[in-house]
Amino acid sequence: MRLTYTADLWWKNAVVYCLDVETYKDGNGDGVGDFRGLTQQVDHLDRLGVTCIWLMPFFPTPGRDDGYDITDFYSVDPRLGTLGDFVEFVRTAKDRGIRVIADLVVNHTSDEHPWFKEARAGRDAAKRDWYVWKDDPDPVDPEAIVFPDKEDGVWELDKKSGQYYLHSFYRFQPDLNLDNPEVRDEIARILGFWMQLGLSGFRVDAVPFLIEGIRGDPHSYLADLRAFMNRRDGGAILLGEVNLPYPDLMRYFGDGNGDEVTMCFDFIGMQRFHLSMARQNPQALADALSQRPAPPKDCHWATFVRNHDELTLDKLTDAERQEVFAAFGPKKDMQVFDRGLRRRLPPMLDGDLRRLKLAYSVLFSLPGTPVLFYGEEIGLGENLKGEGRMAVRIPMQWTPDGGFSPVAAKTPVPSPTGKYGPRNVNVDAQRRDPDSLLRWVTMLIERYRESPELAWGDYDVLASGDEAVLVHRADAEGGTVVAVHNFADREAEVDFVLKGLDGRRVLTDLLVDGTLDLPADGRVRFTLEPYGTRWLRSAAPDQPLEDASAKGS
Ligand code: TEU
């Protein structure tokens, strides 16, 4: 594919890396991660091949929802640094060719935000209408409560005024009233402010909740926000958190117009991926790929296997969810909200490196832009002593001693000990080990970037000859790549047919050394090792791989 094209629509072949400044690297020796520390680690991300960093909330906060409860949208939490440190970080990332986006959490504020303090001063307060009030709210459907362990409703009585305020999440997170034009103007100012300081877009928190209260056509607001952002910077993106069934979700792309959210996370594909891993059979994932609608032009899916929240299994059936629980988190304290896991992948897979390598090979071969949660590249574990979802938000592990901070870490959750502790899992050791997960993920990223067919080509799931094997084919601008993945702990006889390719071609393996001849009838057969993976590019026998991806045309 032409580089001019993939560079213009950068998000369609990006590698997004989500991190929390607080847990990444302490640069000033106070035990808390900060922008100075993060800036010093940018080369780790550059070596890995990351092209876009997603910063979790770094704004002033009482920290009751790990920063998703904000008291000032226009500054940096003093524990993490200053606006000056932020700008230095963004500039350094850009110097390495890495864009930066950040969480836009404007469904709600902290109840300690000055706006809310002002709003709750009385029914006539100037900012009263910035939030959502009711005298007598209807009882709420228990299914609609996001955090059922802590909340039993979404309306909280404000004793002073005798009215109830809406909180879609925790009670200390009052919902902003997006129906109020002043609030919308303020949100635009927030986007504009951070873009002026160098951000290339936003991960938009809880989008369906954000627009639900808007009267008339709530989606026209999302289109307005997108248009505003792209007037300021045509290449900026909105990456939407929209965990809805596919047909409902398409509206957030602006249906056929593609003028709302630029990218949406594929929560359903993620859940089917874990079901497939649990079953050692990729059918559930293959079904998701077939059912998943194509995003509108220039929009894109964002794929992932783990994020910072619970690994939600809410879109599986009860029986399917129990299967995943049984395979990957049978103990009650590994589960949360009755719908998800609070574990990271390596402990879920019993630390089986073959299977971990398979998991990331699948991720980077899927159509869509992969999003990594920090530490996935080294197989970071979790610490179940952390409360609820916090279990996976442990400090990054740089060296055998941790390397997160020169003093004792003051992060919300300490590093794990034992098998997944820093001594056994760290960046330094894995850089030196050619068989490490870090080296594997680095290679996957390199090959993924060279093979844009995978991320945004037309794709087809092919009959594979073995129920444990997923074969999918991606085509774009004359380039063809085929990904082959064995989900089972046994050898598989792979047998598939590639139609419409010139029989004089060879299939060159992008991950391991080797080529296969492509016979005239297009039938490909070989034995794949347990949890084996192949990415095969079709090319003329003497053609360099760069030409085979037709970059130059
Ligand atoms: O989550 C919003 C959301 O929609 C949740 O349902 C989410 O899918 C998950 O179940 C929460 O664990 C976002 C953030 O990702 C989350 O960390 C915040 O706690 C939440 O917003 C409130 O800001």
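The values are calculated or read from the model by the stated rules, or taken from the named source; none is laboratory data. Note that the structure is predicted; figures quoted are calculated from it, not measured. No Cβ is skipped: glycine too gets one built from the backbone with ideal geometry, and neighbour counts run over all protein chains shown. Quick note on the areas: whole protein, heavy atoms, side chains included, nothing else; ligands and nucleic acids left out. Shrake-Rupley method; radii C 1.70, N 1.55, O 1.52, S 1.80 Å.
Annotation note: Cβ proximity below 6 Å between a residue of segment 85-111 that is farther than 20 Å from ASP8 by Cα and acidic (Asp, Glu) and a residue that is open to solvent by less than 10 Å² (accessible area, probe 1.4 Å) and more than 16 Å from the ligand (Cβ to nearest atom) (sequence gap 6+ or interchain) occurs for ASP85/PHE35. Of the residues LEU210, LEU249, LEU244, the single one that is under 21 Å from THR312 (Cα atoms), within 16 Å of the ligand (Cβ to nearest atom) and either free of Cβ contacts under 8 Å to residues at least 24 places away in the same chain or among the basic types (Lys, Arg) (or both) is LEU249.
Checking each residue in segment 141-189 for being within 27 Å of THR312 (Cβ to Cβ), away from the ligand (no atom under 13 Å from the Cβ) and not in a strand (DSSP E or B) picks out ASP141, PRO142, ASP152, GLY153, LEU178, ILE187.
The set of residues from segment 486-508 being of a type in the set (S, T, N, Q) and either part of a loop (DSSP other than H, G, I, E, B) or in contact (Cβ under 8 Å) with a residue 60 or more places away in the chain (or both) comprises just one member, ASN486. Scanning segment 270-277 for any residue that is within 16 Å of the ligand (Cβ to nearest atom), part of a loop (DSSP other than H, G, I, E, B) and surrounded by 23 or more Cβ atoms within 10 Å (Cβ to Cβ) turns up nothing. The condition of being open to solvent by less than 20 Å² (accessible area, probe 1.4 Å), modelled with pLDDT of 95 or more, more than 16 Å from the ligand (Cβ to nearest atom) and among the small types (Gly, Ala, Ser) holds for only one of GLY340, GLY329, GLY375, that being GLY375. Is it fair to say ARG79 is surrounded by fewer than 21 Cβ atoms within 10 Å (Cβ to Cβ), within 23 Å of the chain's Cα centre (by Cα) and more than 13 Å from the ligand (Cβ to nearest atom)? Against the criterion (surrounded by fewer than 21 Cβ atoms within 10 Å (Cβ to Cβ), within 23 Å of the chain's Cα centre (by Cα) and more than 13 Å from the ligand (Cβ to nearest atom)), ARG79 does not qualify.
Rundown of residues vs (1) under 27 Å from PRO62 (Cα atoms); (2) modelled with pLDDT of 95 or more, yes/no style:
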{"site": "TRP133", "(1), (2)": "yes, yes"}
{"site": "ASP141", "(1), (2)": "no, no"}
{"site": "TYR165", "(1), (2)": "yes, yes"}
{"site": "ASP179", "(1), (2)": "yes, yes"}
{"site": "ARG184", "(1), (2)": "yes, yes"}
{"site": "ARG203", "(1), (2)": "yes, yes"}
{"site": "MET229", "(1), (2)": "no, yes"}
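When segment 107-129 is filtered for residues that are over 13 Å from PHE172 (Cα atoms) and surrounded by 23 or more Cβ atoms within 10 Å (Cβ to Cβ), only ALA119 remains. Of the residues making up segment 100-155, those that are more than 30 Å from VAL87 (Cβ to Cβ) and in contact with a helix residue (DSSP H, G or I) (Cβ under 6 Å, 6 or more places away or on another chain) are ALA119, ALA125, ARG128, TYR131.
Selection of first residues in segment 409-438 that are open to solvent by 90 Å² or more (accessible area, probe 1.4 Å) and of second residues that are at pLDDT 95 or above, restricted to Cβ pairs under 7 Å at least 6 apart or on distinct chains, gives the following pairs, ordered by first then second residue: LYS410/GLY31; LYS410/VAL32; LYS419/GLY351; ARG423/PRO400; ARG431/LEU438.
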